Amino acid sequence: MHIQKWIVLIFIFLHSHASIAQSQRYFWNKDNIRLSVNKEKYITKIIGAKDGLPSSEILVLLQDSKGFVWIGTSTGVSKYDGYSFENHITAGNKQLGKINSIVEDTLHNTIWIMSDAGLSYYQNGYLHPIAFEENDLTVYDMGIDDRHVYWIASAKGPAYYTKEEMLGIIQTKKGNIGTHLIPQWKSSLKEDSLVRLIKPGNNGKTWFSSKSILYCYDGRHTSQVWRSSSFNDQINTILPQQDKVFFVSTINGIFECSDTNNVAAVPFQRTLSANIYNSGGALYYMCLDGIFSFNPQNNSFSLLCKIPEAVTTWLSCTMADREGNIWIGMHDALFLQRKKIFYEYKSGNGNIELFCGAVKKDGTILFGGNRGRIFTKRDTTLVNYLGKQKSVCSKSSLAAIHEDKQGWLWFGTAYQGIAIQQNDHLKFLDKTSGLGCNQNYFFLETTDGDMWTGGDGFLTKLGKQQSGDSIACTTYSSLMSGDNWSVFVNAIEGPDKTIWAAGARGLFTFSDGKLSQYALRDSTAISISDIKKTPGNEVWLTTKGNGIWQCYFDEKGLLQLKKKYNTEDGLNTNSYLNILIDEQNNIWAVSYSGISKIAFDHNKFFISNYTANDGFPDKNYQSARLMQDSNKTIWIITSDGLSYFNPQGPAQPEKNPLIVLNTVKAGDSIYYSNNTASQNQPLILHYNENELSFSFSGIYFSNPSGVKYFYRLSGSDSLWKDNGNNRVINFEGLRPGNYMLQTKAVAGNNESDIIATYLFIIQKPFWQTWWFYAICAVIAGAIIYAWMKQREKTIQKAAAEKATIQKHIAELETKALKSQMNPHFVFNSLNSIAHLIASNQNEKGIEYLTKFSKLLRIILEESENNFVVLKDEIKMLDLYLQIEAMRFGDTFSYSIQADDTVEEDDISVPALLLHPLVENAVWHGLLHKQGERRLTIQFKKITEGILQCTIKDNGIGIEAAKAMKEKRLNGITQQSKGTQLVKDRLKMLEQQFGQPVHLAMEDIHSDNYSVSGTKVTIQFPVLYES
């Protein structure tokens, strides 16, 4: 049993592979291959319940002003944005059932839904039912005239409401049909109260119909206009147009009437007419034969598209959206017909397996296939181009075809060398003939007439000999040690005749007999799939994984990178196989998933992508090449098919997508927007609702997946941000403030001026509100008042402490004053005066007495002031030293000096601070000195606020003076009171001014290290008179 299963499996495997091989052999062996192509202008997408609709029975279609498509089905209504359905099968607690009509009301910003459940309206994501007094009332249709009178077709008959009455219905959600019926409806004209269609005209007339009877109401009378002769017939559409009205009967077709007595059939009758539709001012007529554009001026019709063959049921409705797509509603599906760009050839007996192509100078198109086959296209047939020769090789596929300047055809193969057709006979070259390798993927004919080819790791120069038709081959290798993947795919000639070859290892240059690898700026290791040059010497590269590169030659003839194009710029992939540059210098690049176009306008680039949604072959192929023929048609040559398109057809989208904000979510709250314009009132949010999520739709039914979104948030961003294909924007941690979110959707690389705006305000927390600030201000005021009272107390306390310090200073100054007059100095001075008078030296005695009394007076005056001018202090010291000089006689000399930087008249110094130090120098340093006695006082400014005084004498020194004092006091050590008072005053000055003070006393030593005097340095703060 197991053996039998294995035999069956092996048989199936061999049979399937044999079928594939037979299919491929058919293409290789046939000389004539008939092709077929589907020339339908539209691509059909089938939409139904499996895609999210509540039902596949489509009854009504409408596109509103915001771009949404409303789909009425047998079980409810759906709102569609191209991405998902918003389904409604109930209004309140009532099942909608069959949808009869959908009408947009821009005045009240609502969508009216007429159904078996009655009348309801849509606002902000909800369906609101209208409760009529007539229970279980079916409403069939609504029309709104230019006066905003609302006409309603119902099971009770035709009724009308003013805009004010309709607003009341919206507000109360209640109504009454019976009180608003057309008065004449109760006349003998009425055969059935039910009215299915109602449409107001432009001339004050209103047209309505029952199943098969058309009526007209002129404001006073109701008249019957037309009745179908068939019981099974029904009126499907009423369409008023200027001074006439068109209506469609299922069996009898289209009719027009200019007044109630003039009805005529339009001479274009088709079976099973469905409806007539107005879209953007253009009329469309649908019947079983197709969708036609209709010109009402001359009643002419033009076929747009046929009804898809899959349609086997009753047609119900049609619609053309703002992008030109055709929507067809049927009783089992919804068809979306989008314009097709690409057309694919098919062969009934196997795959079309092609690898390269070329266009000869006479316009002949050549295609290279497998097993060395060359085909040309004649009408819808691929014909063997070589005739009896059949092929240029026995096994390999063709990789390149080129016609040179003298008409020779060059054929490169994947692994069997090169074939050259010269005057109807073939010449062959391979490695034995001097080629670098048997893989030859391209040909490059240089301006010098040489031919270059290349493949796996080698470039070969094919130079023609001067005599005969022989070919000289010169080979150059790019293979490195261990390299087995260096493949050249194409090459160009630079402006200086340098050869630039591209391949799996990037760029190589050939110049001066040398092949060298070349690295573009800012480039890493790249795999190049193709290289092409424009007539203006601009170079384009397609890569596998790095997008499309734009390059140029600099003044040295070297290639430089200008720009890299990738998915961030709008490409649908970063891997491309081949590139083509058309006559307008547009760039076309083919990938595994489609074609991308890069066009330029005033130095601005535009990128368009075309995929299976546009009819691009949705197949798995190994290789793809692009080729443009003499008719400007671009061919897509792949290993699994042959397609073509008109490059003038794929253009930038004529209209950008409409952008609609769907929902705004803040925390647990969801707010509905659905606005394409600014709001009347901004959304107010609490301060902690600062994590927001906005969802929106770029409505573009032609290619929803190709829409890119941009946004900016004023108050946060000033530039547009690219959101890619993401239809949701999230914000976190927004600060309180006023915000305006702007979004736009772009198809291709267009600029869009369609912007959706949403305003919202995040409120400040209570601690950032004005009333909180007011409370805080009151509290702060109270605190400041308390602080000021406390500061007042602190100041008073500080003043008391300052007074204490001042008192202490005064006490110190008093002590200093008393210590200034050494008792010995006073006693000796008085004795000297008495001695001079007794010895009849009256003049000297009087002079001595005069100076002494003057000094006492100055000391008493200065003792009243804390600071005195430096000039006066120097005068006092000078007078004191004059008196001492009179006592010592000629043995004593002194000097008082100040630097040029010291302004004696402007600087004030602490009064009597220096006198004790000068007196110590005289009495303790110079008094016991034998011989000449000298004293110098030097003033120097250290900083703007600090003055230094240096007092030098040539006396006995500090240690000797201390020893003599101890001897006089019987060994008791006692510090000078004058010196201590100076130190205390300096400390008080430091506290008072916050400036550093300094006092230093040191002996002066001579060259033999003996004491030769004393030096006292004091630094203290000063004041300026200014």
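Assorted remarks:
- Residue list for the stretch 292-339, filter: modelled with pLDDT under 85, closer than 21 Å to ASN38 by Cβ and crowded, with 20+ Cβ neighbours inside 10 Å: ILE307
- Verdict on ASN93 being within 22 Å of VAL69 (Cβ to Cβ) and surrounded by fewer than 19 Cβ atoms within 10 Å (Cβ to Cβ): no
- Single residue of the stretch 151-205 satisfying the filter (modelled with pLDDT of 90 or more and of a type in the set (Ser, Thr, Tyr)) that is nearest to TRP226 (Cα to Cα): SER154
- Scanning the stretch 340-350 for residues that are surrounded by fewer than 19 Cβ atoms within 10 Å (Cβ to Cβ) and farther than 18 Å from PHE645 by Cβ yields a total of 3.
- Complete set of residues in the stretch 726-764 that are modelled with pLDDT of 85 or more and in a loop (DSSP other than H, G, I, E, B): ASN726, ARG727, GLU732, GLY733, LEU734, ARG735, PRO736, ILE755, GLN763, LYS764
- Neighbours by Cβ (under 8 Å, 6+ apart or cross-chain): first from the stretch 905-917, aromatic (Phe, Trp, Tyr); second part of a loop (DSSP other than H, G, I, E, B) and surrounded by 21 or more Cβ atoms within 10 Å (Cβ to Cβ): none
- Every residue from the stretch 489-530 that is at pLDDT below 90, more than 37 Å from the chain's Cα centre (by Cα) and at positive phi: ASP512, GLY513
- Scanning the stretch 755-768 for residues that are under 17 Å from GLU689 (Cα atoms) and of a type in the set (Val, Ile, Thr) turns up ILE761, ILE762.
- Within this structure, GLY615 passes the test of being crowded, with 18+ Cβ neighbours inside 10 Å and in contact with a Lys or Arg (Cβ under 8 Å, 6 or more places away or on another chain).
- Matching residues in the stretch 491-535 - criterion: being part of a strand (DSSP E or B), over 25 Å from SER623 (Cβ atoms) and of a type outside the set (S, T, N, Q): PHE510, LYS514, LEU515, TYR518
- Residue list for the stretch 372-390, filter: over 18 Å from LEU35 (Cβ atoms) and in contact with a Leu (Cβ under 9 Å, 6 or more places away or on another chain): GLY372, LEU386, GLN389
- Meeting the requirement of 1 or more residues that are farther than 27 Å from LYS45 by Cβ, the strands (runs of 3 or more DSSP E) wholly within the stretch 74-115 are 99-105, 110-115.
- Test: residue in the stretch 963-971 that is aliphatic (A, V, I, L, M) and touching a helix residue (DSSP H, G or I) at 6+ places or on another chain (Cβ under 6 Å): no
- Per this entry, THR318 is not counted among residues that are hydroxyl-bearing (Ser, Thr, Tyr), under 14 Å from ILE213 (Cα atoms) and in a strand (DSSP E or B).
- Test: residue in the stretch 576-592 that is small (Gly, Ala, Ser) and surrounded by fewer than 22 Cβ atoms within 10 Å (Cβ to Cβ): no
- Residues that are farther than 18 Å from ILE754 by Cβ and either loosely packed, with under 15 Cβ neighbours inside 10 Å or touching a His at 6+ places or on another chain (Cβ under 7 Å) (or both), drawn from the stretch 717-734: ASP717, SER718, LEU719, GLY724, ASN726, VAL728, ASN730, GLU732, GLY733
- Scanning the stretch 618-638 for any residue that is under 22 Å from SER752 (Cβ atoms) and crowded, with 20+ Cβ neighbours inside 10 Å turns up nothing.
- Across the stretch 603-641, the number of residues qualifying as among the aliphatic types (A, V, I, L, M) and under 28 Å from the mean Cα position of the chain (by Cα) comes to 1.
The values are calculated or read from the model by the stated rules, or taken from the named source; none is laboratory data. Being a predicted model, the structure only gives us computed values, none of them experimental. With ideal geometry, Cβ positions are generated from the backbone for all residues, glycine too; neighbour counts draw on all protein chains shown.
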